[in-house]
Amino acid sequence: MTIRELKEKRQNIYEQQKDIYAQAAAEDRPMNEDENRQYEAYEKDYGKLTLQIQEAEAIAAKEAEAARQAAPELTKDLKKKMSEDPKEREEQRQQAFVKYLRGWDTPEDRTLLNAFEGRVQTVGTVTEGGYLVPEGYSNQLEITRALFGGMRQAA
């Protein structure tokens, strides 16, 4: 179960606890024995889920740290994977950039993209987007925008 699912489950338990309390408060009475038992059972489940969430977040943080430490090793491996042919290198860079834009990138893809995109801010023209996007991307964007038909003119 993911951290998000655990948090959603914990939130549902909290909502159920609120409902039990609100029902008793609406009737202007203390919670009865069954309601107390159910409320306490929810409280135990809530505590267990909170502990699971904390453990899962700690593991995720450790994994992220391990990935950051392993990044230099990825660079060595990626230099071997990078093609010598300029056309193939451009294709590799293009694939890594598309994965980045779609949110599918892995640490290896980010490292690969960084190896290709080693620009400094003193090179390029700001008004042409020289610092933000790779060369040729602007043309792809114009073609894609044109494919959406007359919606742009109608708006």
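Descriptive notes on the structure:
- Within region 1-21, if we keep just the residues that are among the hydroxyl-bearing types (Ser, Thr, Tyr) and open to solvent by 90 Å² or more (accessible area, probe 1.4 Å), the residue that is farthest from ALA60 (Cα to Cα) turns out to be TYR21.
- Only one of LEU6, LEU78 that is at pLDDT below 90, touching a helix residue (DSSP H, G or I) at 6+ places or on another chain (Cβ under 8 Å) and of a type outside the set (Ser, Thr, Tyr): LEU78
- Residues that are surrounded by 10 or more Cβ atoms within 10 Å (Cβ to Cβ) and touching a helix residue (DSSP H, G or I) at 6+ places or on another chain (Cβ under 7 Å), drawn from region 22-42: ALA24, MET31, GLU35, GLN38, TYR39, TYR42
- Filtered residue count, region 85-108, keeping only those that are without any contact (Cβ under 8 Å) to a residue 12 or more places away in the chain and of a type in the set (A, V, I, L, M): 2
- Filter pass, TYR46 being open to solvent by 60 Å² or more (accessible area, probe 1.4 Å) and aromatic (Phe, Trp, Tyr): yes
The values are calculated or read from the model by the stated rules, or taken from the named source; none is laboratory data. For clarity, every value in this text was computed on a predicted model and none was experimentally measured. All Cβ positions, even for glycine, are placed from backbone atoms using ideal geometry, and neighbour counts span all protein chains on display. All accessible areas refer to the heavy atoms of the entire protein, side chains included, with ligands and DNA or RNA removed. Shrake-Rupley method; radii C 1.70, N 1.55, O 1.52, S 1.80 Å.
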